[in-house]
Amino acid sequence: LFFPVEVFGRANLPAADEAAVYVANHASFLDIYSLFHLRRPFKFISKTSNFLIPVVGWSMFLTGHVPLKRMERRSQMETLKKCREMLADGGSVLFFPEGTRSVDGKMAAFKKGAFSVAAKENVPVIPITLVGAHEAMASGKEYELHNGGIKVIIHPRIQSTNADELCDKAEKIIKEALVNNS
């Protein structure tokens, strides 16, 4: 409510009814709220403990977002299976391929799960760079809010049946935009 969010590249968004895998860097709790400015229906992939948070977590569960036990291989495979089913049914999913929020604001290496799903279902990946979220509310310092505004930069889609290629391209695109806009 108190942070201005500007969206750039809205023309790069697929139609609301087109299945896609959205991927974004993850630096703050504000990332999730900022991504609602896309005005597209998608389901977040989120760690299981978030589903235990009163009201917010319960809402996530009731609206069909996908829980993930990050350190459990079986949960990872089940999550990827659910994502493939959603995409096959025309839905979209959103991953933070770093796997967790950045503590220092620097982007971590991407994990390949999101890109594996996109490659297997042959749907587009929509890379998104979030700029300013870490400065507004750093991980571990949620009690300190700094209002500088958040930019959501939507990049052109990339598509391939090669998960490694998708991962490398998306990571490069997001990282370059993060550096150039910080």
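The values are calculated or read from the model by the stated rules, or taken from the named source; none is laboratory data. Nothing here was measured: the structure is a model prediction, and the numbers come from that model. We place every Cβ from the backbone using ideal geometry, glycine too, and count neighbours over all the protein chains shown. For the accessible areas, the whole protein counts, side chains as well, though only heavy atoms, and no ligand, DNA or RNA atoms are used. Shrake-Rupley method; radii C 1.70, N 1.55, O 1.52, S 1.80 Å.
With a sphere of radius 11 Å drawn around the Cβ of PRO124, what net charge do the other residues whose Cβ falls strictly inside it have (Lys, Arg +1; Asp, Glu -1)?
Values: positive: ARG157; negative: GLU18, GLU121.
Its environment carries a net charge of -1.
At 0.36 nm per residue, and after removing the present C-alpha to C-alpha distance, how many nm does the segment from LYS106 to GLN159 gain when stretched out fully?
Taking 0.36 nm per residue and subtracting the Cα distance, the gain is 16.5 nm.
Taking the Cβ of GLY64 as the center, what net charge do the other residues with Cβ under 10 Å away carry, scoring Lys and Arg +1 and Asp and Glu -1?
Values: positive: LYS43, LYS82; negative: none.
It works out to a net charge of +2.
Order the following by accessible area, largest value first: PHE61, PHE44. Probe radius 1.4 Å; ligands, DNA and RNA are ignored.
Values: PHE61 145, PHE44 10 Å².
Heavy-atom accessible area, descending, gives PHE61, PHE44.
So what's the net charge close to GLU78: Lys and Arg +1, Asp and Glu -1, counting the other residues with Cβ under 12 Å from its Cβ? List each step's numbers first, then the result.
Details: positive: LYS69, ARG73, ARG74, LYS81, LYS82, ARG84; negative: GLU72, GLU85.
Value of the local net charge: +4.
Using R₀ = 30 Å, calculate the FRET efficiency as 1/(1 + (r/R₀)^6) where r is the Cβ-Cβ separation of PHE8 and SER59; round to 0.05.
Details: r = 28 Å, r/R0 = 0.94.
Working from the Cβ atoms, E equals 0.60.
In what sequence, largest accessible area first, do SER49, SER160, SER182 appear using a 1.4 Å probe? Write down the numbers at each step before the final one.
Details: SER49 65, SER160 20, SER182 110 Å².
Solvent-accessible surface, decreasing: SER182, SER49, SER160.
Multiply the residue gap between LYS172 and LYS81 by 0.36 nm, knock off their C-alpha separation, and tell me the result in nm, one decimal place. The partial results should precede the final answer.
Numbers: separation 91, 0.36 × 91 = 32.76 nm, distance 2.64 nm.
Length difference between fully extended and current span is 30.1 nm.
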